[in-house]
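Just below is one structure, and these are the notes that go with it.
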Amino acid sequence: MAFIAKLGEQSYRVEIEETGKSVYRVSVDGNEFVVDGKKTGRTNYSLIVDNRSFEIEVDNAEDEYRVLVDGRSYHVHLVDERRVRVGDGQSDSQIQGRQRVSVPMPGKVIAVLVAEGDVVEKGHGLVIVEAMKMENEVRSPIAATVKDIRVKAGETVEGGAVLVIIE
Amino acid sequence: MAFIAKLGEQSYRVEIEETGKSVYRVSVDGNEFVVDGKKTGRTNYSLIVDNRSFEIEVDNAEDEYRVLVDGRSYHVHLVDERRVRVGDGQSDSQIQGRQRVSVPMPGKVIAVLVAEGDVVEKGHGLVIVEAMKMENEVRSPIAATVKDIRVKAGETVEGGAVLVIIE
Amino acid sequence: MLRRILIANRGEIAVRITRACRELDIETVAVYSEADRESLHVKYADHAYPIGPAPSAQSYLSIDRIIGVAKKSRAEAIHPGYGFLAENAGFAQRCKDEGIVFIGPSSQVIDQMGDKVKARQIMKAAGVPVVPGSDGILNSEQEVLQTAEAVGYPFMLKAVAGGGGKGLRLVRAQREVPSAFRAVRSEAASSFADPRLYVEKFIERPRHVEIQILADKYGRVIHLYDRERSIQRRHQKVLEESPAPGLDDRTRRRIGRIAIQGTRAVGYVGAGTLEFLLDQEKKFYFLEMNTRLQVEHAVTERVVGIDLVKAQIEVAAGGYLPWRQRHITQTGHAIECRIYAEDPENDFMPYPGRIEGLRLPEGMGLRNDCGVYEGAEVPIYYDPMIAKLITWGENRVEAILRMRRALREYQVRGIKTNIAFNQWILRHPRFMSGDFSTSFIDEEYRRISKDEVYPHKEIALASAAIAALHREHERTMGLLTKKANEPSQWRDQGKRDSLRAAGPRRGWKR
Amino acid sequence: MLRRILIANRGEIAVRITRACRELDIETVAVYSEADRESLHVKYADHAYPIGPAPSAQSYLSIDRIIGVAKKSRAEAIHPGYGFLAENAGFAQRCKDEGIVFIGPSSQVIDQMGDKVKARQIMKAAGVPVVPGSDGILNSEQEVLQTAEAVGYPFMLKAVAGGGGKGLRLVRAQREVPSAFRAVRSEAASSFADPRLYVEKFIERPRHVEIQILADKYGRVIHLYDRERSIQRRHQKVLEESPAPGLDDRTRRRIGRIAIQGTRAVGYVGAGTLEFLLDQEKKFYFLEMNTRLQVEHAVTERVVGIDLVKAQIEVAAGGYLPWRQRHITQTGHAIECRIYAEDPENDFMPYPGRIEGLRLPEGMGLRNDCGVYEGAEVPIYYDPMIAKLITWGENRVEAILRMRRALREYQVRGIKTNIAFNQWILRHPRFMSGDFSTSFIDEEYRRISKDEVYPHKEIALASAAIAALHREHERTMGLLTKKANEPSQWRDQGKRDSLRAAGPRRGWKR
């Protein structure tokens, strides 16, 4: 089977074939190696590659795989090559559009740091919310214009409530 | 719902009704109490009864429940009362018949302690098998007569191999 | 001895107190808010009582409800843990009035030490050095300016009732006084309903050292040596150790003696902590006294070998402290890392949710004080600290290397944590050499780089592909075996569904 | 320092050594038999090599294969753990010949101490008291009878190569000599291929005390005090502690000094243990020396604060021992319980199988050395010990109460264990008071009563009914939601199936 994988900014072609009981021949962009990969838990694997031993956790949702190797997290997007060929390359497009910025937990708005119409960079602070005993700065996920501010300082917000809309 | 439960030598009639979200009215032989019983894992429950807190593990296979309460194991046989009424009371009968005595792991027979035709009590030693670095005495599960001895001292046996047949 | 204790707290500290009680054959009474019915501290306790809705103000902070449960459950004593009502003088007084033993000092002492200005005055009178500053309360900009003349710039303008990094401003020059005065005064009024202010000299790059105290009702006071908790982020503590790397032995002995002096002056009973700032000339200044167990008490327990919770209980029950100062020695070195449900890649935003997987590290020299379990929900209402990990070593280097090893074994899935951030601290050369101050993280930490470094790129890609293959294979197998064993499959599936239904399932993509 | 070490072992001890190496920044090489591909020690190691079929003789005992892997993996040293090749002089010699560091003493020392008669002679010559008995090997019934005259009845007739409770008989009177001679001689010949015998006086109700030794290559020898492991069952150790309750301080110091004397006489290098019998008059007699790490080394580590595995590695690498005897003190008390996969209700029969659920106890004063994980298979081929639990307390009582608390938290599902049996020991008044000998279990233990005592009968019945209700409910729900989300359900189901397919699923009904 062949997959197109995305890790960070880079894309890779990953071919895999089970050649024996949980033994795999894997090739990454043509670079071939053999993996002895045992499933040792619901999301846990023991991999031995060239006698190097790795304990891996793989969480999976849809085409996204979060792989934990040696304390480091690898976020891999993996799709069947056949699916890519018929066109599946639009997944990144939404991130540029209109976005609702929210917080997952209820809290109290301490300060609003922007005004409607402001142009903000990616990572620019929008609102400070106190929740779980801490003050948290909610930042802009993208470079955008502030379209609508839905809260003001002193207000209490529910978990998931929209704070700001940016575009 | 009503069950007939067996615990040890004793039988009980257990009635149960869910009166709220994971709150149950339970009656054991007419003795009623309310259980706040949350499922907190695949086999783990948190029970609060009259403000007493219990952490419980329940393993279940068929009608058998192995309940762990405060480090102590309770083996409960539980059947729907309706099923009992149509007759389900023969489960104990087999244990008196012909039995094959075996060990679960491979090992080496150190000694055979009985001869064919011997009459043995429940718990009487039959064979000594060395396995997992230890000598283990295999005892008779019932009072019976030794019908057939399938191994002899010095022999190596596979896991699950029949050692003795008693009746 | 006490036979039944109510624990007016939740999370890891409630579990930790339950364990101590169990080892003393004392029954425990847990209280829980609606958000905590399935929390670990409820499962571990002998008795459990609901005390109201999820917000703390209506549950863990509700004095009436907690006293009500204490009476109903016939608990003879209440252990407040830390946070919530632990430093609430009114609660301590109420316990006393109701004939319930409060495991902590008297309400008078809590009151005095809670008022930063009064605490300064008492300590100063007892010969404990305090940070130079105002002798009393300052009521106007004018008074602040006058005090500033004597103390010198820069200084800190602070609210008397302040705490947790709130109600204070650094003032570097005279022209900053008016705006700072207005800001702190209004913060103090709105956050603490107490507009009183005072001034303290600003110590440059200080280290934060504290002394653990134990005192019984009969006048015996001992100290259990020092801890350092200079590694903090926005006044949130991250990592603590004992002994304090910032102290030499002479200063260590002096600060211990002086802490006992201060404790006696207050008439303290129980376990408490005196916090000091240590400046770059190794001069130390009293900062405040915490009249309760600290989060980081475990590092002291490990190096001196005394169970502080048991000591608290014994003192509260009227027992004599069995130790004299000469019995107390520090052996080796202990470090504590706090494990927070938070996202270090997103400005340390709290990250509540369901813990899908949990594996604690084990082996020599480790202690896990963990308040959650696999399948537990980290509620959105409370502190995001879910666990503490303490390592011990023959010396500081071994304790650090052991902590690194342990953090490598630590796995929390379903939520994000600061485990990698802790590793970053432990690998930092300045931390290794002990050369740091409270501003260490601000100075050194740039957000954990998103320039992705992928030392095991091939392994990760292969793992994802194997998992994908498994998924594919299982889907096929499932469809094939479907008919054969339908009921039992559905049974197991249903079990899992109901488990998930108990709380919102949180994906890792946010 | 060494950069890569091969660990020629499995289970908890292999994991424990891996952790020590990781804290020293040394890479580890695991070896595994076909039954151990998915074992914890393989997952934790940096490198892993298969060494053959499941039976030990073809894998963990195969010197050629292990040396082969060491060379292939470019390991500079081999740690043998305990058991398997740990006391195999031929293996130690082979390592030396191949230029690989063997982490343990020289083959000569292993050889000498493995021969019980030679060991007795060396120790006797060094002024170490040995159990009165024959001076050399006895070749006939006649010689046994003559020695018996001198030693007196009762005595033990033992095989020179004996061990593990095999090849020995108690002889109470002269008329028992002929049959005992025949029996031991034939056992010795068949089990050890070495028919040589010797005689030792039988000590009535002895206690079993041992001294931990550390020695470097430069003549420094220190002892790390004593352990007691009198609690044993059919020569299988169950529970160990340090300090030994059977020793008073005077005897403790004397036995320590004498152990160092013995160690020097042998020219020992590394970590080793001298075992002694203590009679009821507190006289002690050398029994044997174990030229390796003991299972129970962790109790010593806890009370003296030294990592013995790291010390072994440093000595093997040619390092100097950094401690002098006066630096070594015992602080508090440590107890170890071994957790076996066995069925105490069925004569302690080993109970291999899949571990369906595992929860380790946590909190202050605990150490888990665990060789398995949830989902792991306990293979049928090896020792049934799956984990060790060590508790520490300020004193023996605290250590015992903490162990009781910890065992209450310990949960292993899918297989049976001796956890309840350990609780029985810890609750026994004779154990509590320290009044016991090696025959404690034989004297006191009647199989854990099957007369069912059900303190929480109602709770258990209610739990079973709730579980049954859940099952019923889920079956219904499953059928209803079936159509809606078929693929994802089958996917998860398949995952679980494939997990189970990896090994035979063992029900708890046997």
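Data overview
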{"quantity": "Criterion violated by D:P350 - all others in (1) crowded, with 23+ Cβ neighbours inside 10 Å; (2) touching a Ser or Thr at 6+ places or on another chain (Cβ under 8 Å); (3) not acidic (D, E) satisfied", "calculated": "(2)"}
{"quantity": "Subset of the stretch A:123-167 that is among the basic types (K, R) and either touching a strand residue (DSSP E or B) at 6+ places or on another chain (Cβ under 7 Å) or part of a strand (DSSP E or B) (or both) - its residue that is nearest to the other protein chains (Cβ to nearest Cβ)", "calculated": "A:R139"}
{"quantity": "Residue list for the stretch D:356-405, restricted to those being in a helix (DSSP H, G or I) and at the interface with another protein chain (Cβ under 9 Å from one of its Cβ atoms)", "calculated": "D:E398, D:L401, D:R402, D:R404, D:R405"}
{"quantity": "Only listed residue being touching a residue at least 24 places away in the same chain (Cβ under 8 Å), in a helix (DSSP H, G or I) and polar (S, T, N, Q), chosen from C:Q93, C:Q112", "calculated": "C:Q112"}
{"quantity": "Any pair with Cβ under 6 angstrom, 6 or more apart, that starts in the stretch D:235-264 at a residue that is modelled with pLDDT of 95 or more and ends at one that is polar (S, T, N, Q) and surrounded by fewer than 18 Cβ atoms within 10 Å (Cβ to Cβ)", "calculated": "D:P243/D:Q330"}
{"quantity": "Search result, residues across the stretch C:106-129 that are crowded, with 18+ Cβ neighbours inside 10 Å and of a type in the set (A, V, I, L, M)", "calculated": "C:V109, C:I110, C:M113, C:V117, C:A119, C:I122, C:M123, C:V128"}
{"quantity": "Considering residues of the stretch D:414-444 that are surrounded by fewer than 20 Cβ atoms within 10 Å (Cβ to Cβ) and basic (K, R) only, the residue farthest from the other protein chains (Cβ to nearest Cβ)", "calculated": "D:R430"}
{"quantity": "Every residue from the stretch A:131-148 that is surrounded by fewer than 17 Cβ atoms within 10 Å (Cβ to Cβ) and modelled with pLDDT of 80 or more", "calculated": "A:P141, A:I142, A:A143, A:T145, A:K147, A:D148"}
{"quantity": "Enumeration of residues in the stretch C:399-413 that are under 24 Å from C:D248 (Cα atoms) and surrounded by fewer than 21 Cβ atoms within 10 Å (Cβ to Cβ)", "calculated": "C:L401"}
{"quantity": "Flag for D:D347 being in contact with a Lys or Arg (Cβ under 6 Å, 6 or more places away or on another chain), within 12 Å of another protein chain (Cβ to nearest Cβ) and over 30 Å from D:I100 (Cβ atoms)", "calculated": "no"}
{"quantity": "Residue under evaluation D:G262, criteria (1) under 11 Å from D:Q212 (Cα atoms); (2) surrounded by 23 or more Cβ atoms within 10 Å (Cβ to Cβ); (3) not basic (K, R), criterion not met", "calculated": "(1)"}
{"quantity": "Residue that is under 15 Å from the mean Cα position of the chain (by Cα) and touching a residue at least 40 places away in the same chain (Cβ under 8 Å), where the choices are C:G393, C:G353, C:G319, C:G371", "calculated": "C:G371"}
{"quantity": "Residues of the stretch B:110-121 classified as assigned to a strand (DSSP E or B) and closer than 18 Å to B:K147 by Cβ, total", "calculated": "3"}
{"quantity": "Options C:Y82, C:Y49: the member that is closer than 18 Å to C:I313 by Cβ and hydroxyl-bearing (S, T, Y)", "calculated": "C:Y82"}
{"quantity": "Any hit, the stretch A:83-103, residues being part of a strand (DSSP E or B) and either within 7 Å of chain C (Cβ to nearest Cβ) or at pLDDT 95 or above (or both)", "calculated": "no"}
{"quantity": "Single condition B:E155 does not satisfy, out of (1) crowded, with 18+ Cβ neighbours inside 10 Å; (2) more than 21 Å from the chain's Cα centre (by Cα)", "calculated": "(1)"}
{"quantity": "Single residue of the stretch B:31-63 satisfying the filter (without any contact (Cβ under 8 Å) to a residue 12 or more places away in the chain and out of contact with any helix residue (DSSP H, G or I) (no Cβ under 9 Å at 6 or more places or on another chain)) that is nearest to the other protein chains (Cβ to nearest Cβ)", "calculated": "B:A61"}
{"quantity": "Checking C:V31 against (1) under 30 Å from D:N395 (Cβ atoms); (2) among the β-branched types (V, I, T); (3) free of Cβ contacts under 8 Å to residues at least 60 places away in the same chain, the condition it does not meet", "calculated": "(1)"}
{"quantity": "The stretch C:116-146, subset farther than 20 Å from C:F181 by Cβ and charged (D, E, K, R), residue modelled with the highest pLDDT", "calculated": "C:K124"}
{"quantity": "Pair list, Cβ under 7 Å, 6 or more apart: the stretch B:142-167 residue of a type in the set (S, T, Y), other residue not in a loop (DSSP other than H, G, I, E, B)", "calculated": "B:T145/B:V119; B:T145/B:I166; B:T156/B:K108"}
{"quantity": "Tally of residues being within 19 Å of D:A20 (Cβ to Cβ) and surrounded by fewer than 21 Cβ atoms within 10 Å (Cβ to Cβ) across the stretch C:363-397", "calculated": "4"}
{"quantity": "Those helices (runs of 4 or more DSSP H) lying entirely in the stretch D:421-507 with at least 1 residues more than 30 Å from A:V23 (Cα to Cα) and modelled with pLDDT of 55 or more", "calculated": "D:429-432, D:440-444, D:457-481"}
{"quantity": "Scan of the stretch C:76-114 for residues that are hydrophobic (A, V, I, L, M, F, W, C) and more than 20 Å from C:V31 (Cβ to Cβ), ordered by number", "calculated": "C:A89, C:V109, C:I110, C:M113"}
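The values are calculated or read from the model by the stated rules, or taken from the named source; none is laboratory data. All of these numbers come straight from a predicted model, not from anything done at the bench. Using ideal geometry, Cβ is built from the backbone for each residue, glycine included, and neighbour counts are taken over all protein chains shown.
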